[in-house]
């Protein structure tokens, strides 16, 4: 990611077999699945409160694979919203996936058949997106399949268990697992920030702006899904204008 | 009309899939615009940063254990960068912090 040209200079990367990519993806998916389990457990409890049974909750998690989207879905179901409202809610809450999917569309290897793009789309979650963009150079679709193969079961299983068992895990364990996903985000963001002052600046500005959004009256009323979209567009847009990524050598140009 | 729950679940699942699939399906060509390329280059860093902070501070039982998790993750990510170790390290830090608190 830090240097998108690298894939051209390192042909052995692209020479990795699909199976090797899949295994790498599976490895990256394990901590995601663990984090998912904890979050999904609470999701399952919420599903029960909405009146869904464990099978419906599991179906929902398996097909949607989205935390905010599913929580919003409970709201829509609980208020007997119409189908159109459900559609609009899901589009708005998940709009960030549109951006992530757009970024992935440029990252994926060009020589792979089209159907891979349709399959990969299933795995576009915050976390799987994070590890996929963290891959050096171009992305093989099998990496995402591997990550989804170990991460998604944690999500589905957690939801079903939560719906069936409620709060049975010790509170301490739940609390500790709550940071697993954030730890992973930081593991994606910090190493490139170490190498590029611009990326480091972008990270700090993003976090500061995000903190501001949750504090300022008025702004804090914006749903978290929308906050992510607005901030992503604003900060990425500003960074793209101020520090364009050069065409020949794809690293942000250091102004200093 | 009362919407059917199962049909509602299906409608939402299809909607979210389309949101994820359309850009991947439609943006097949390499984008040439330097602005859009740069924009998409920064999207992961910004979106992940925005999602992490300050949310991590309220993800655990207390602010302080959340802060411990954040500090541990930041330090391990800086020194090591391995996804699994950063994640586990953050969890352990939270667990230990909550034993003390």
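The values are calculated or read from the model by the stated rules, or taken from the named source; none is laboratory data. No experiment lies behind these values; they were computed from the predicted model shown. Cβ: placed from backbone, ideal geometry, glycine included. Neighbour counts: every protein chain shown.
Exactly one residue among A:186, A:181 is under 19 Å from the mean Cα position of the chain (by Cα), farther than 26 Å from residue A:60 by Cβ and either modelled with pLDDT of 80 or more or part of a helix (DSSP H, G or I) (or both), and that residue is A:186. Of the residues making up the stretch A:189-224, those that are in contact (Cβ under 8 Å) with a residue 60 or more places away in the chain and over 22 Å from the mean Cα position of the chain (by Cα) are A:195, A:196.
A residue that is touching a residue at least 60 places away in the same chain (Cβ under 8 Å) and within 30 Å of residue B:63 (Cβ to Cβ) cannot be found anywhere in the stretch A:107-118. Scanning the stretch B:32-54 turns up one or more residues that are part of a loop (DSSP other than H, G, I, E, B), more than 7 Å from every other protein chain (Cβ to nearest Cβ), without any contact (Cβ under 8 Å) to a residue 40 or more places away in the chain and within 25 Å of residue A:237 (Cβ to Cβ). I'm trying to understand the selection: among the residues of the stretch B:7-31, which are over 14 Å from residue A:96 (Cα atoms), more than 7 Å from chain A (Cβ to nearest Cβ) and part of a helix (DSSP H, G or I)? Those that are over 14 Å from residue A:96 (Cα atoms), more than 7 Å from chain A (Cβ to nearest Cβ) and part of a helix (DSSP H, G or I): B:7, B:10, B:14, B:26. Return a yes/no flag: does the stretch A:27-35 have any residue that is more than 9 Å from chain B (Cβ to nearest Cβ) and either at pLDDT 85 or above or assigned to a loop (DSSP other than H, G, I, E, B) (or both). Within the stretch A:27-35, one or more residues are more than 9 Å from chain B (Cβ to nearest Cβ) and either at pLDDT 85 or above or assigned to a loop (DSSP other than H, G, I, E, B) (or both).
Within the set of pairs 6+ apart or on separate chains, which have a first residue in the stretch B:61-86 that is more than 16 Å from residue A:176 (Cα to Cα) and more than 9 Å from chain A (Cβ to nearest Cβ), a second that is buried (at least 17 other Cβ atoms within 10 Å of the Cβ) and at pLDDT 85 or above, and C-beta atoms under 9 Å apart? Pairs found: B:75/B:89.
Here is a yes/no grid of residues against (1) more than 9 Å from chain B (Cβ to nearest Cβ); (2) within 27 Å of residue A:104 (Cα to Cα); (3) free of Cβ contacts under 8 Å to residues at least 24 places away in the same chain; (4) in a helix (DSSP H, G or I):
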{"residue": "A:128", "(1), (2), (3), (4)": "yes, yes, no, yes"}
{"residue": "A:133", "(1), (2), (3), (4)": "no, yes, no, yes"}
{"residue": "A:144", "(1), (2), (3), (4)": "yes, yes, no, yes"}
{"residue": "A:148", "(1), (2), (3), (4)": "yes, yes, no, yes"}
{"residue": "A:161", "(1), (2), (3), (4)": "yes, no, no, yes"}
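Entry remark, the stretch A:217-237: residues being within 18 Å of residue A:72 (Cα to Cα) and either surrounded by fewer than 16 Cβ atoms within 10 Å (Cβ to Cβ) or at pLDDT below 75 (or both) number 7 in total.
Residues that are over 20 Å from residue A:20 (Cα atoms) and buried (at least 23 other Cβ atoms within 10 Å of the Cβ): does the stretch A:128-136 have at least one? Within the stretch A:128-136 (the criterion being over 20 Å from residue A:20 (Cα atoms) and buried (at least 23 other Cβ atoms within 10 Å of the Cβ)), the answer is no, since none of the residues qualifies. The residue of the stretch A:56-85 that is surrounded by the most Cβ atoms within 10 Å (Cβ to Cβ), among those that are without any contact (Cβ under 8 Å) to a residue 12 or more places away in the chain and either part of a helix (DSSP H, G or I) or not assigned by TED's automatic domain parsing to the domain that holds residue A:123 (or both), is A:64. Against the test of being at pLDDT 85 or above, surrounded by 14 or more Cβ atoms within 10 Å (Cβ to Cβ) and touching a strand residue (DSSP E or B) at 6+ places or on another chain (Cβ under 8 Å), the options A:210, A:206, A:196 yield a single qualifying residue, A:196.
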